[in-house]
């Protein structure tokens, strides 16, 4: 706790008169982008499976929590102790199977109990079953969370194959929209296709955001390998036809196949 107390004191000193002018100028609104950035850097450290980097990035994320608490404390709204007290009480309240007499023998039962407590004990029932999900969430994550809530209410498929059929149905409608050529309809059908794919990811227990990050990394890695092969063989990517580029791409895929 001494280390934590020291960090709290450092944050207060930075915000105090005679402290850091940049830190003193920040507000909840100006800090939003840094909170998002630090969260993504934590996720990247997890993906890299680098414990030292993860430790560092979690510290940066913790600093953002302290920063917001300091700003709020200066306004007389709440401080870091209120934040800690709030989450402590919440964790005890939402785990009656650990701290009380309730039973929850599997993750699904725990999740159902968690949602029940939010709706009843905490009186956080939403106007809609799929409400309560911030619109600022990444779109794929929001899609999964909404569909998961709908599924708990019984609005769901029974088998993954049914979801695949839905994806194929949406792709067929997207192709029809492509033939039609109307931009508004194209956007509509592409969105429906992505939503269906997000549902498929949920059914397969795959985080679509994580899957997309990995796919982006693979594309970058393979394209860089393709550029290297082209340079070594005297081929200009910008001046080559698609058949040549496709051949380079296949070579790049083979050369990077052992990588994640």
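The values are calculated or read from the model by the stated rules, or taken from the named source; none is laboratory data. Since the structure is predicted, the reported quantities are computational estimates derived from the model, not experimental observations. As a convention, Cβ positions derive from the backbone with ideal geometry for all residues, glycine included, and neighbour counts pool all protein chains shown.
Only one of these is surrounded by 14 or more Cβ atoms within 10 Å (Cβ to Cβ) and assigned to a helix (DSSP H, G or I): 87, 92, 43. Name it. Sole residue among the options that is surrounded by 14 or more Cβ atoms within 10 Å (Cβ to Cβ) and assigned to a helix (DSSP H, G or I): 43.
Can you confirm whether the stretch 126-138 contains a residue that is part of a helix (DSSP H, G or I) and touching a helix residue (DSSP H, G or I) at 6+ places or on another chain (Cβ under 8 Å)?
Taking every residue of the stretch 126-138 in turn, none turns out to be part of a helix (DSSP H, G or I) and touching a helix residue (DSSP H, G or I) at 6+ places or on another chain (Cβ under 8 Å).
In this structure, is residue 181 exposed (fewer than 14 other Cβ atoms within 10 Å of the Cβ) and over 30 Å from residue 156 (Cα atoms)? Yes, satisfied.
Which count do you get for residues in the stretch 1-22 that are free of Cβ contacts under 8 Å to residues at least 12 places away in the same chain and part of a helix (DSSP H, G or I)? Quick ask: steps written out before the conclusion?
Narrowing the stretch 1-22 to residues free of Cβ contacts under 8 Å to residues at least 12 places away in the same chain: 1-6, 9-10, 13-14, 16-22.
Now restrict to residues that are part of a helix (DSSP H, G or I): 2-6, 9-10, 13-14, 21-22.
Residues meeting the conditions: 11.
Checking each residue in the stretch 95-109 for being part of a helix (DSSP H, G or I), over 24 Å from the mean Cα position of the chain (by Cα) and loosely packed, with under 13 Cβ neighbours inside 10 Å picks out 98, 99.
Checked against (1) loosely packed, with under 13 Cβ neighbours inside 10 Å; (2) over 21 Å from the mean Cα position of the chain (by Cα), residue 33 passes all but a single condition, namely (2).
In the stretch 201-243, how many are surrounded by 11 or more Cβ atoms within 10 Å (Cβ to Cβ), more than 26 Å from residue 47 (Cα to Cα) and touching a helix residue (DSSP H, G or I) at 6+ places or on another chain (Cβ under 9 Å)? Selection size over the stretch 201-243: 5.
Which is within 22 Å of the chain's Cα centre (by Cα) and touching a residue at least 24 places away in the same chain (Cβ under 8 Å), of 205, 152? First the steps, then the outcome.
Working: 205 fails: touching a residue at least 24 places away in the same chain (Cβ under 8 Å).
Only one candidate qualifies: 152.
Residue 76 meets each of the listed conditions (1) in the same structural domain as residue 20 (by TED's automatic domain parsing); (2) surrounded by 13 or more Cβ atoms within 10 Å (Cβ to Cβ); (3) over 24 Å from the mean Cα position of the chain (by Cα) apart from (2).
Taken together, 192, 176 contain a single residue that is free of Cβ contacts under 8 Å to residues at least 24 places away in the same chain, exposed (fewer than 14 other Cβ atoms within 10 Å of the Cβ) and touching a helix residue (DSSP H, G or I) at 6+ places or on another chain (Cβ under 9 Å), which is 176.
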